[in-house]
């Protein structure tokens, strides 16, 4: 079943004309023994094969426990690992589809928990570290591949976290009080700017 999902994903990536990739955070399960064996950077555990989308906390705890039994370590990625992951992501996408418009963006949604991390930091601190590393890594990727005329960055993170903070009203949870749901007013601003930049007139990248 999971292999079929990967096959469908590959087919979708290969055929699409406009692809949006949203990076979330750098918390993950790492397999240190595989990293040492293959020397290809951090080996992230294939948790999509083991962690159910079911929100049942008991089931998810059981499945993540199996990952840990297999040697996976739950931690914050190091900056060099984040850069490697972003580079690998770009290379993989372009190997599958070299001609699609590729739009990179950083999710404004914060992490909801730092439970299980060895680092003695709060979720707020971990979220700041995570988003900062990803944003810099994405900027370095954009600079490295400046000649890719179909590669763009969209500032959804900056609109929500930076512009949103200067506006009246709740940035998150305006409709349902959920701390991970961006308020509709803020989302409308994101949508409007996206339409302005990428729907009404598709930009031509210079340089």
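The values are calculated or read from the model by the stated rules, or taken from the named source; none is laboratory data. In this text the structure is predicted, and so the values were computed from the model without any measurement. Glycine also receives a Cβ, built like all others from the backbone with ideal geometry; neighbour counts cover every protein chain displayed.
Show the residue pairs that are 6+ apart or on different chains and have beta-carbon atoms under 6 Å apart, the first residue being within region 132-149 and in contact (Cβ under 8 Å) with a residue 24 or more places away in the chain, the second being assigned to a loop (DSSP other than H, G, I, E, B).
133/26; 149/205
Only one residue in 165, 146, 170, 177 is over 20 Å from the mean Cα position of the chain (by Cα) and at pLDDT 95 or above, so which one is that?
When all the criteria are applied, what remains is 146.
Given the condition farther than 20 Å from residue 20 by Cα and not in a helix (DSSP H, G or I), answer yes or no: does some residue in region 145-164 qualify?
no
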